[in-house]
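Notes to accompany the following structure.
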Amino acid sequence: MIRLHPSPTLVPPAAHLNTVCNSDVNSSLPSVPLLNNVSTLTKIHKQPLLAVKFCSCGRRHFIESAAATVLPILCPSGAFSLDSNNYQDMLKRIRPPRPDWYEELYASVLNSFTKSYEAEVAVYKSQLFANLRGKAKEVLEIGIGTGPNLEYYTGDTDVQIFGVDPNKKMEKYARAAAVAAGLPVENFKFVHAVAEAVPLSDCSVDAVVGTLVLCSVKDVEMALKEVKRVLKPGGLFLFVEHVAAKDGTIHKFLQSILDPLQQTLADGCHLTRETGKDISAAGFSDVELSMAFLSNASLLNPHIYGVARK
Ligand SMILES: C[S@@+](CC[C@H](N)C(=O)[O-])C[C@H]1O[C@@H](n2cnc3c(N)ncnc32)[C@H](O)[C@@H]1O
């Protein structure tokens, strides 16, 4: 189950320690290479996390006293829980509610007109989700939308998916996608929230998924901080995003001109973000990032996709 702490500040150090030590994500998720492919553009490797080493030494007393100093860094106390109103306040502040008709229209358009896009991007998504199959038990998806990624868990009935989205009208489509993927109903939970304030406790999930969402969040840096906060040490962030074209190209010129219109029509989606740079700078221990052009994505090109490890 996804661990939801009533209040992260009430969790004693030993309980935090169990979250880290019981995590099987470090041993079961693959180390490098995370992508079996093609043109990896960026690769960042940093030192392995200290607490992961502590967990394998077997000296519990030493671990518990060390944990009090080390774990606050790895698992800083989060500020949200499903029981609290904090994340709802943040939701209202970060993404004030849109009119019902707008949210419904956007959700139904997304549900109906992205089939050819999904067919084309499937080759990249299949590669990314192979990193999780049968290994990640608790997964957060930020900006789950209509749930096009849920099909990648087909046959994986153990996985618990926690789908966050500020547009409530996405819920029925995401639920239908979960059913179509054969997920038990209780294994999918839709939560009305934003990626900038996720109502999950620190170090609580094996993986976070985000596709075409960092273009739409209000604060990319804050969202990435949340991704890192909720991931267990060694946990993976899978991403697929469209980003700004190269400076000086016609493509970039058109993106710049049409960016305001795109934000209005597509619920805050930006055409000119440099999300690859943001992910690379977010402090993950390891980032593998590749680039692709999709014929069905028009100005939503190029795409970046990859895996970042906490
Ligand atoms: C282009 S859609 C992508 C949906 C889905 N991930 C996909 O791949 O089809 C962007 C999604 O991000 C959601 N969104 C917008 N702002 C958000 C935020 N601050 N936090 C989380 N999701 C957000 C939208 O409601 C929408 O569902």
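The values are calculated or read from the model by the stated rules, or taken from the named source; none is laboratory data. Predicted model, so just to flag it, every value in this text is computed and none were measured. FYI the Cβ positions are ideal-geometry reconstructions off the backbone, even for glycines, and counts take in every protein chain you see. The protein model used for the area step is the full one, side chains on, heavy atoms only, and it has no ligands, DNA or RNA in it. Shrake-Rupley method; radii C 1.70, N 1.55, O 1.52, S 1.80 Å.
Taking the residues in the range 251-279 that are among the aliphatic types (A, V, I, L, M) and within 16 Å of the ligand (Cβ to nearest atom) as candidates, determine which candidate is most open to solvent (accessible area, probe 1.4 Å).
Of all residues in the range 251-279, those among the aliphatic types (A, V, I, L, M) come to 254, 257-258, 261, 265-266, 271, 279.
So of that shortlist, the ones also within 16 Å of the ligand (Cβ to nearest atom) come out as 258, 261, 265-266, 271, 279.
On the way: Leu258: 66, Leu261: 94, Leu265: 120, Ala266: 14, Leu271: 5, Ile279: 0 Å².
Top of the filtered list is Leu265.
In the set (1) out of contact with any Asp or Glu (no Cβ under 8 Å at 6 or more places or on another chain); (2) in a helix (DSSP H, G or I); (3) within 13 Å of the ligand (Cβ to nearest atom), the condition left unmet by Thr146 is number (2).
Report, by residue number, each residue of the range 280-310 that is buried (at least 18 other Cβ atoms within 10 Å of the Cβ), among the polar types (S, T, N, Q) and within 19 Å of Val121 (Cα to Cα). Within the range 280-310, Ser290, Asn301 qualify. With respect to the conditions (1) in contact (Cβ under 8 Å) with a residue 40 or more places away in the chain; (2) within 13 Å of the ligand (Cβ to nearest atom), Asn131 lacks only one, and its number is (2). Residues being touching a Gly at 6+ places or on another chain (Cβ under 7 Å) and over 21 Å from Leu110 (Cβ atoms) are entirely absent from the range 261-279.
Taking Glu104, is it in contact with a helix residue (DSSP H, G or I) (Cβ under 7 Å, 6 or more places away or on another chain), in a helix (DSSP H, G or I) and acidic (Asp, Glu)? Steps first, please.
On the way: in contact with a helix residue (DSSP H, G or I) (Cβ under 7 Å, 6 or more places away or on another chain): yes; in a helix (DSSP H, G or I): yes; acidic (Asp, Glu): yes.
Yes, satisfied.
Selection within the range 92-128: residues that are surrounded by 17 or more Cβ atoms within 10 Å (Cβ to Cβ) and away from the ligand (no atom under 11 Å from the Cβ). The member of this set that is nearest to the chain's Cα centre (by Cα) is Leu128. Residues in the range 196-231 that are open to solvent by less than 10 Å² (accessible area, probe 1.4 Å) and away from the ligand (no atom under 15 Å from the Cβ) were compared, and the one that is nearest to Ser126 (Cα to Cα) is Asp206.
Can you tell me which residue within the range 238-250, out of those that are part of a loop (DSSP other than H, G, I, E, B) and buried (at least 16 other Cβ atoms within 10 Å of the Cβ), is nearest to the ligand (Cβ to nearest atom)?
Across the range 238-250, the extreme among qualifying residues is Val243.
Here are Phe188, Phe162: which of them is of a type in the set (Phe, Trp, Tyr) and either near the ligand (Cβ under 8 Å from one of its atoms) or under 14 Å from the mean Cα position of the chain (by Cα) (or both)? Criteria check complete, one pass: Phe162.
For the structure I just gave you, tell me whether Thr157 is open to solvent by 30 Å² or more (accessible area, probe 1.4 Å), near the ligand (Cβ under 9 Å from one of its atoms) and of a type in the set (Val, Ile, Thr). It is false that Thr157 is open to solvent by 30 Å² or more (accessible area, probe 1.4 Å), near the ligand (Cβ under 9 Å from one of its atoms) and of a type in the set (Val, Ile, Thr).
Report, by residue number, each residue of the range 173-207 that is in a helix (DSSP H, G or I) and touching a residue at least 60 places away in the same chain (Cβ under 8 Å). Walk me through how you get there before you give the answer.
If we filter the range 173-207 for residues that are in a helix (DSSP H, G or I), which is where we start, we get 173-180, 185-187.
Hit for the range 173-207 is Tyr173, nothing else.
Checked against the criterion of being part of a strand (DSSP E or B) and touching a Lys or Arg at 6+ places or on another chain (Cβ under 8 Å), the candidates Gly210, Gly283, Gly235 yield just one match: Gly235. For first residues located in the range 80-91 and modelled with pLDDT of 70 or more, partners that are assigned to a loop (DSSP other than H, G, I, E, B) and buried (at least 16 other Cβ atoms within 10 Å of the Cβ) and lie 6+ apart or on another chain with Cβ distances below 7 Å form the pairs Asn86/Ala79; Asn86/Phe80; Tyr87/Phe80; Tyr87/Ala193; Tyr87/Pro199; Met90/Glu196; Leu91/Pro166; Leu91/Ala193.
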